[in-house]
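Note sheet for the following structure.
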Amino acid sequence: MSKLTLPELPYAYDALDPYMSAETLEFHHDKHHLAYIDKANELIAGTALEGKSLEELVVATFNDPAQAGLFNQVGQHWNHLHFWNWMKPNGGGQSMAGNLETAINESFGSFADFRGQFIQAGMTQFGSGWCWLVINAEGRLEVMKTPNGENPLAHGKTAILGCDVWEHSYYIDYRNARPKYLEAFVDNMVNWDYVSQMFDAGPLKAAA
Ligand code: MN3
């Protein structure tokens, strides 16, 4: 593939205020995400990994201990590309397509049970990482958490929703109150339309 690049945010920097401030998005998107991309491009240049898709890069580098440094960079690029789209102004709550709602009810019992498990996963991820709603190998939905830049693809699972619980994602707005940030993410920011698109698209090929 050609070099990894940073897309614009899909909304204005202040669009998620007061749940996520313009200051947070400016730092997180313009500085943190860009740094992952620059480092990944530097590490990929001139190697046999040039030409692989981003999903292939995540899986290939996870399976090669010598590429542990690059794994976190390409994982974080995938994670953030989608993270910006997993949020929108006036998002969150239980407003989603019927087939996704049915799948959530079948997998978790109820939306409230999903919400509780997702927030719990984010709260209990010790240190930096992510909590996820994924399609597992059996085609069912489950909640999981991963450290650092790790992406569910490394475990044969396809993320359809993820929340960044690195401190850079919430410390300006919530200080140490990670649970409040996770509640605001689920209740006020999730872009269920984008989650639905990923759910309808099904498991990524690289997860097989
Ligand atoms: Mn981040």
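The values are calculated or read from the model by the stated rules, or taken from the named source; none is laboratory data. Only a predicted model underlies this, so the values are computations on that prediction, with no experimental measurement involved. Ideal geometry is used to build each Cβ from the backbone, glycine not excepted, and the neighbour counts take in all protein chains shown. Keep in mind that these areas ignore ligands, DNA and RNA; they rest on the heavy atoms of the full protein, side chains included. Shrake-Rupley method; radii C 1.70, N 1.55, O 1.52, S 1.80 Å.
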Checklist outcome for this item: Zone reached by a paramagnetic label modelled 7 Å from Gln120 Cα along Cα→Cβ, restricted to region 181-208 with backbone N below 19 Å, covers 181-187
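How much FRET efficiency would the formula 1/(1 + (r/R0)^6) give for Asp200 and Glu50, where r is the Cβ-Cβ distance and R0 is 30 Å, rounded to 0.05? Intermediate results must be reported in sequence, preceding the final value.
Details: r = 31 Å, r/R0 = 1.05.
Step by step, r from the Cβ atoms, then E = 0.45.
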Checklist outcome for this item: Per the charge dipole of the chain (beta-carbon charges, Lys/Arg positive, Asp/Glu negative, Cα centre), the residue among Phe199, Ala68, Leu57 reaching farthest to the positive end is Ala68
Checklist entry - Using 7 Å Cα-to-Cβ label points, what is the Ser110/Asn41 separation (nm, one decimal)? => result 4.9
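What's the longest bit of the chain with no exposed trypsin sites (Lys or Arg not before Pro), using DSSP loop states and at most 16 other Cβ atoms within 10 Å as the test? Can you show the working numbers first?
Details: sites that count: Lys3, Arg140, Arg175.
Longest run free of exposed loop sites: 4-139.
Between beta-carbons, use under 14 Å as the cut-off and find the net charge around Glu101, counting Lys and Arg +1, Asp and Glu -1. Could the numbers behind the result be given before it?
Working: positive: Arg115; negative: Glu106, Asp113, Asp193, Asp200.
Result for the neighbourhood of Glu101: -3.
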Checklist outcome for this item: Reported to the nearest 10 Å², Asp17 has, with a 1.4 Å probe, an accessible area equal to 90
Item to check | Sparse-neighbour loop sites [GluC sites (Glu not before Pro); region 85-162; at most 16 other C-beta within 10 Å; DSSP] | outcome: Glu138
Next on the checklist: Skipping prolines and chain starts, which residues have an amide H placed within reach, meaning under 5 Å, of the one on Gly129, given they are 5 or more residues away or on another chain?
Outcome noted: Asn148, Val165, Trp166
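Say the cut-off is 24 Å between C-alpha atoms; which of Lys52/Lys205; Lys52/Lys145; Lys31/Lys205; Lys31/Lys88; Lys157/Lys180; Lys88/Lys145 go over it? Present the calculation step by step, with values, prior to reporting the outcome.
Values: Lys52/Lys205 13 Å; Lys52/Lys145 26 Å; Lys31/Lys205 30 Å; Lys31/Lys88 20 Å; Lys157/Lys180 27 Å; Lys88/Lys145 22 Å.
The pairs that break the limit, which is 24 Å between Cα atoms, are Lys52/Lys145; Lys31/Lys205; Lys157/Lys180.
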Next on the checklist: Could you check the spin-label model distance between Asn63 and Asp17? Points 7 Å from the Cα along Cα→Cβ, value in nm.
Outcome noted: 4.7
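Compute, for region 87-208, the length of the dipole vector about the Cα centre, with Cβ point charges of +1 (Lys, Arg) and -1 (Asp, Glu) only. Units Debye, rounded to 20. Each step should come with its number before you reach the end.
Details: 9 positive and 13 negative charges, 44 e Å.
With Lys and Arg at +1 and Asp and Glu at -1, about 220 debye.
Treating only the Cβ atoms of Lys and Arg (+1) and Asp and Glu (-1) as charged, compute the dipole magnitude of the chain about its Cα centre; round to the nearest 20 debye. Walk me through the numbers before you get to the answer.
Working: 13 positive and 25 negative charges, 67 e Å.
Once rounded to the nearest 20, the dipole reads 320 debye.
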